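The values are calculated or read from the model by the stated rules, or taken from the named source; none is laboratory data. Nothing here was measured: the structure is a model prediction, and the numbers come from that model. Here the Cβ is made from the backbone with ideal geometry for all residues, glycine too, and neighbour counts use every protein chain on show.
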């Protein structure tokens, strides 16, 4: 991983860690639930951004190298890994959808774009390379 990418990712993780500690303090202090929820949603969005950036880096480097390489096993492994990411993301999205439907339909409007959808757009961009 390039040092600049690693630095950006580590910075994002430290920010997320700080936000989570802030939420912990809010819960300990019996803060107003909607305020805690707002912070929790901000952490979820930050994790989504981190995950997208990491996935984008992986697609642009390791994945492309494996797919363009001569080793059939490496190509198949890279594709399996990508499919696993999509499947996991779809499961999370489905779980969020079911939670929103059981609760408040407006929650769907506030859900971040799924990692799978973002990754699919990045992968489609690779076709032209």
Item to complete: Using the structure shown, decide if residue 65 is in a helix (DSSP H, G or I), loosely packed, with under 13 Cβ neighbours inside 10 Å, modelled with pLDDT of 85 or more and in contact with a helix residue (DSSP H, G or I) (Cβ under 9 Å, 6 or more places away or on another chain).
Response: yes
Practice prompt. Take the range 32-62 and flag every residue that is surrounded by fewer than 15 Cβ atoms within 10 Å (Cβ to Cβ) and more than 18 Å from the chain's Cα centre (by Cα).
Written response: 32, 33, 34, 35, 37, 38
Worksheet item: Counting only residues that are more than 20 Å from residue 1 (Cα to Cα) and assigned to a helix (DSSP H, G or I), which one in the range 68-86 is modelled with the lowest pLDDT?
Response: 86
